[in-house]
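See below for the structure under consideration.
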Amino acid sequence: MMAAMDDKSVRGDLRQNEPMSRHTSWRAGGPAELFFVPADVDDLKTFLQSLDDTVPIFWHGVGSNLLVRDGGIRGVVISASRILKDLERVDPYTVRAGAGLPCTQLARQCVRWGIGPAEFFAGIPGTVGGALAMNAGAHGGETWDRVESVRAIDRHGTIRLRAPAEYTIGYRNVSGPRDEWFLEATFGFDPETTSTLEAMNAMLERRKRTQPLGLPSCGSVFRNPEGDHAARLIEAAGLKGFSIGGAEVSDKHANFIINASEASASDIEALIGHVQRTVEEVHGIRLLHEVRIVGEVKK
């Protein structure tokens, strides 16, 4: 499938049949055929250049918005979990952040620098790369509202600087050049707006009070329909606490599905489908999931 299996020039960690349950916040999912953690960007480029064009590539951050089916992922999963964590202040109102940097870390540093608005990044449970890929947001802020440029790498290891205009940006949805993955982004903030520690801590305290943060979940499962909230619709449909196998709709926040007891990915996906059907029957609204569902159904 590729030369890198025996290529000593690749310095990162390359594993076969790696359980993705170790790499998703739901703690569920089948194995990746190959799982690669590059040592640095040069190592990533070398690895990509060794791959045959027919090998499927899946880019992985921390797996906070991801459901991998029980049959696993064919091809190679590339994890940026150990690299791309740089953060620098380019000028008084501009910062550059690597795709592997946790969004909470970006928010905290912007607060220290006194620039904003950036507190909303603290409400995104993942990395900058994941936030870029889905235009993640929280508490009224969205990632791409702040993006000035991005650097991306393609499957042949070529790195390009791109502008926001080269992407189609929507609510929890981003589309752009095919077979490219984000390496970093430059964010611009407003001169008249500052981020405060008090505001960020209040946001984090609200999350702690209203969301089941200590349990395996992916965060919000469904997008909010226009003019309403998915959590309200799910709760009004009587689904809080409903379970399939080990997967359960949270009693604390109805837009969270938790792995309550060794849930399989198929349990979670079945519960997602049940919630969609029930809400549509009760309210006439079809909820769209924002969680990414990938991989093969186990045979």
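Before we move on, is Ala32 touching a residue at least 40 places away in the same chain (Cβ under 8 Å), in contact with a Gly (Cβ under 8 Å, 6 or more places away or on another chain) and surrounded by 23 or more Cβ atoms within 10 Å (Cβ to Cβ)?
Yes; evaluated as a whole, the condition is true for this residue.
Does Phe242 qualify as being aromatic (Phe, Trp, Tyr) and either touching a residue at least 60 places away in the same chain (Cβ under 8 Å) or out of contact with any helix residue (DSSP H, G or I) (no Cβ under 9 Å at 6 or more places or on another chain) (or both)?
For Phe242, the condition - aromatic (Phe, Trp, Tyr) and either touching a residue at least 60 places away in the same chain (Cβ under 8 Å) or out of contact with any helix residue (DSSP H, G or I) (no Cβ under 9 Å at 6 or more places or on another chain) (or both) - is not met.
Find the residue count for the range 231-258, including only residues that are surrounded by 21 or more Cβ atoms within 10 Å (Cβ to Cβ), farther than 21 Å from Phe121 by Cβ and either acidic (Asp, Glu) or under 19 Å from the mean Cα position of the chain (by Cα) (or both).
Number of matching residues: 3.
Given the residues Gly219, Gly227, Gly157, which is the only one that is loosely packed, with under 15 Cβ neighbours inside 10 Å and assigned to a loop (DSSP other than H, G, I, E, B)?
From the options Gly219, Gly227, Gly157, the qualifying one is Gly227.
Restricting the search to the range 136-154, which residues are surrounded by 14 or more Cβ atoms within 10 Å (Cβ to Cβ) and either more than 13 Å from Ala99 (Cα to Cα) or touching a residue at least 60 places away in the same chain (Cβ under 8 Å) (or both)?
If the condition is that a residue be surrounded by 14 or more Cβ atoms within 10 Å (Cβ to Cβ) and either more than 13 Å from Ala99 (Cα to Cα) or touching a residue at least 60 places away in the same chain (Cβ under 8 Å) (or both), then Ala136, Gly137, Ala138, His139, Gly141, Glu142, Trp144, Asp145, Arg146, Glu148, Ile153, Asp154 are the ones that fit.
Against the conditions (1) of a type in the set (A, V, I, L, M, F, W, C); (2) without any contact (Cβ under 8 Å) to a residue 40 or more places away in the chain; (3) touching a helix residue (DSSP H, G or I) at 6+ places or on another chain (Cβ under 6 Å), where does Leu271 fall short? Just the number, please.
With (1) of a type in the set (A, V, I, L, M, F, W, C); (2) without any contact (Cβ under 8 Å) to a residue 40 or more places away in the chain; (3) touching a helix residue (DSSP H, G or I) at 6+ places or on another chain (Cβ under 6 Å) applied to Leu271, the lone miss is (3).
Give the residue that is surrounded by the fewest Cβ atoms within 10 Å (Cβ to Cβ), with candidates limited to residues of the range 57-67 that are modelled with pLDDT of 95 or more and in contact with an Asp or Glu (Cβ under 9 Å, 6 or more places away or on another chain).
Restricting to residues being modelled with pLDDT of 95 or more and in contact with an Asp or Glu (Cβ under 9 Å, 6 or more places away or on another chain), the top hit is Ile57.
Going through Glu226, Glu198, Glu248 one at a time, which residue ends up being of a type in the set (Asp, Glu), out of contact with any Leu (no Cβ under 7 Å at 6 or more places or on another chain), outside the structural domain of Ala28 (by TED's automatic domain parsing) and modelled with pLDDT of 95 or more?
Glu248
The values are calculated or read from the model by the stated rules, or taken from the named source; none is laboratory data. Please read all numbers here as calculations on a predicted model, not as lab measurements. Cβ sites come from the backbone with ideal geometry, for glycine too, and all protein chains shown count toward neighbours.
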